[in-house]
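Working notes, structure below.
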Amino acid sequence: MKRSKLALPLLLAALAWSCADSFDPVTVPFRGKPAANVAAFPNAYVIDFISDVSEAGIIPEAEIRRTFTEEIPFVIERKVVLLEPEHWATIRAILQRHRLNVDIEYDNSVFFQNVFKAHPRGLFFTGKLRLDVKKMGVVKETRDEKGNRKNAYETVQLWEMEAKIFLIDGDAAKILMQETYREKQEPVPGTSPQFNFNSMFARITAKLVTALQPRKALQERYIIRK
């Protein structure tokens, strides 16, 4: 059945080409559909993520806030305001104890409905972020002072970050975009935990930017001349 469905378009294409005197390739710009029509919202806000980061020396909120208030505005071409709703810090602390296993239904949440109503025509960014740091033993090949090869056992860290980012239409209490991004990294010895966190979150930000503002690509089309 699948073969017959495919054969007909191929046959039609072959007939068209056989009847054509020539064909000219044309390169045309193509841009994917963005995750949401940001232009429809005059106001944009970011609400602190629920984070599960146990590594000492990391303040995830600092980099997340900086990213959304300093970098994302250039992408969506409007200011993003940090919103700190009353009681949200307490609610976040309770949810973080469950290690992000509790999902929030934004359309049915009385708390968020009140936040949305207080900021009409708003576009809201928020999300959840988890960072797992694992220690693993590996065998690496090294050389001694004479240049002879030898195997050395080392303990290395593997960082795994998962960020679930929500883009919400406040007036409709509707999720416009829900994307989960993941990154892995083996930190360079001597770098600080905050530096490694920031570098991983920067790669996640790059993926988010692509979803909000798809890059222009080129596709080849053909003009058939008879």
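Criterion applied to Leu218, Leu176 was being farther than 21 Å from Arg66 by Cβ, outside any helix (DSSP H, G or I), at pLDDT 90 or above and of a type outside the set (Lys, Arg), and the one residue passing it is Leu176.
Scanning the range 62-77 for residues that are buried (at least 16 other Cβ atoms within 10 Å of the Cβ) and either over 18 Å from the mean Cα position of the chain (by Cα) or not β-branched (Val, Ile, Thr) (or both) returns Glu63, Arg65, Phe68.
Among the residues of the range 179-206, the one identified as closer than 19 Å to Arg65 by Cα, in a strand (DSSP E or B) and of a type in the set (S, T, N, Q) is Thr180. Taking every residue in the range 103-124 that is closer than 15 Å to Pro42 by Cα and pairing it with any residue that is among the hydroxyl-bearing types (Ser, Thr, Tyr), at least 6 positions away or on another chain, the pairs with Cβ-Cβ distances below 9 Å are Phe116/Tyr106; His119/Tyr45; Gly122/Tyr45; Leu123/Tyr45; Phe124/Tyr45; Phe124/Tyr106.
Might you check whether a residue that is modelled with pLDDT under 95, surrounded by 10 or more Cβ atoms within 10 Å (Cβ to Cβ), among the hydroxyl-bearing types (Ser, Thr, Tyr) and under 21 Å from Asp52 (Cβ atoms) occurs anywhere in the range 103-116? The answer is yes; a qualifying residue exists.
When we screen Ile59, Ile91 for residues that are over 22 Å from the mean Cα position of the chain (by Cα), surrounded by 11 or more Cβ atoms within 10 Å (Cβ to Cβ), in contact (Cβ under 8 Å) with a residue 12 or more places away in the chain and more than 22 Å from Leu212 (Cα to Cα), the only hit is Ile91.
Of the residues in the range 148-159, at least one is under 26 Å from the mean Cα position of the chain (by Cα) and of a type outside the set (S, T, N, Q).
The values are calculated or read from the model by the stated rules, or taken from the named source; none is laboratory data. Remember, it's a predicted structure, so these values are computed and weren't measured experimentally. Positions of Cβ are backbone-derived with ideal geometry, glycine not excepted, and every protein chain shown enters the neighbour counts.
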